[in-house]
Amino acid sequence: MMFLGLFKNEHFIPSVYVDTIFDIDYNKLYEDGIRLILTDLDNTLISYKETDPLEAQYDWVKKMKEIGFEIIIVSNNSHKERVSRFAELLDIKYLNFALKPTKIGMKKALKMAQQKYNSNEVVALGDQLMTDILVANRMKFHSILVKAVDRKSDILPTRINRKLERHVLKVLRKKNRESYKEKLSAYVEDSYGKN
């Protein structure tokens with residue numbers, strides 16, 4: 001728990017919380033100047049049980065490209081074959097073993113992008129406060145927390161992160177009441193039930 005003191009409470013608070021990637025107002029993001037989507041893979045786009053994109057993900061990528069976004073998958077998954085297969089089927093770039101919440105993977109992803117983007121032109125999507133949201137906020141990106149596709153499919157490192165997350169949520173509820181109520185209370189209810 002000691003490492004949590006290295007980060008500001010605000011780093012764990014997403015810009016927005018949504019049920020799924022399909023519930024995001026991408027036209028509004030584009031109007032606001034966002035041009036690059038850095039998305040997590042496991043339990044953000046698909047559950048850990050699935051290996052290939054579904055029709056919904058193909059449609060999502062097509063729509064994002066039509067709007068004008070570039071998409072890169074940035075995953076902590078160390079199994080390159082899983083991440084690469086998924087990304088290649090969708091014809092988008094990817095980075096596995098991204099080491100979130102360190103900035104290493106996000107910086108690599110920015111270098112992989114077709115052009116140079118400023119932090120205010122980037123949105124990061126993910127299902128975990130402890131990795132996806134923490135690193136996005138540290139990078140000064142717009143951060144969108146997505147309800148996990150299937151929490152029962154979480155692997156061991158993710159289950160450990162969820163335990164840390166509960167501690168962080170208690171701190172945020174006490175010390176950042178307004179932000180917690182506005183941006184995290186629905187997530188807590190969806191993920192852990194009513195407190």
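Which percent of the accessible area of segment 21-89 is formed by carbon and sulfur heavy atoms (probe 1.4 angstrom)? Carbon and sulfur: 47 percent of the exposed surface of segment 21-89. Once C-alpha pairs closer than 8 Å and six or more residues apart are averaged by separation and normalised to the residue number of segment 106-195, the relative contact order reads 21 percent.
If you sort the three axes of the alpha carbon gyration tensor as a ≥ b ≥ c, you get a/c of 1.5 or more for segment 66-178 and a/b no higher than b/c, which makes it oblate. Candidate values (i) 19.6, 57; (ii) 15.7, 45; (iii) 17.8, 60 were compared with Rg and Dmax of the Cα atoms in Å computed on the shown model; the agreeing label is (ii).
Once you order the gyration tensor axes a ≥ b ≥ c over the Cα atoms, which shape class does segment 52-123 get: rounded for a/c under 1.5, otherwise prolate or oblate by comparing a/b with b/c? Verdict is oblate for segment 52-123. For segment 1-137, the residue among Val74, Thr102, Ala124 whose Cα projects farthest onto the positive side of the dipole built from Cβ charges is Thr102. Backbone geometry of segment 47-57 corresponds, through the Karplus equation with coefficients 6.51, -1.76 and 1.60 at θ = phi - 60°, to 3J(HN,Hα) couplings of 7, 4, 6, 8, 10, 10, x, 8, 4, 4, 6 Hz, x marking Gly and Pro. Scanning residues 5 or more positions from Ile73 or on other chains, those with amide H under 5 Å from its amide H are Thr39, Lys93, Tyr94, Leu95, with H placed 1.01 Å from N in the peptide plane. Rolling a 1.4 angstrom probe over the protein heavy atoms with all chains in place gives segment 12-103 an accessible area of 46 Å² per residue. Peptides 166-176, 89-99, 140-150, ordered by how many other C-beta atoms sit within 10 Å of their residues on average, highest first, read 140-150, 89-99, 166-176. Taking every DSSP helix (H) stretch of at least 4 residues in the chain, weighting each as -39,500 (n - 2.57) and dividing the sum by the residue count yields a mean residue ellipticity at 222 nm of -12000 deg cm²/dmol.
Cross-linked pairs Lys108/Lys170; Lys103/Lys181; Lys8/Lys183; Lys147/Lys174; Lys111/Lys170: Cα-Cα separations exceed 26 Å for Lys108/Lys170; Lys103/Lys181; Lys111/Lys170.
Across the chain, the mean sequence separation of Cα contacts (distance under 8 Å, 6 or more residues apart), normalised by length, yields a relative contact order of 29 percent. For the chain, the Cβ-based charge dipole about the Cα centre amounts to some 1080 debye (Lys, Arg positive; Asp, Glu negative; other atoms uncharged).
Sequentially through segment 140-145, phi angles give Karplus couplings (6.51, -1.76, 1.60; θ = phi - 60°) of 6, 8, 5, 10, 10, 8 Hz, Gly and Pro residues having no value and appearing as x.
The values are calculated or read from the model by the stated rules, or taken from the named source; none is laboratory data. Everything numeric here is computed off the predicted structure, so don't read it as measured data. Positions of Cβ are backbone-derived with ideal geometry, glycine not excepted, and every protein chain shown enters the neighbour counts. In case anyone asks, the SASA skips ligands and DNA or RNA and just uses the protein heavy atoms, side chains included. Shrake-Rupley method; radii C 1.70, N 1.55, O 1.52, S 1.80 Å.
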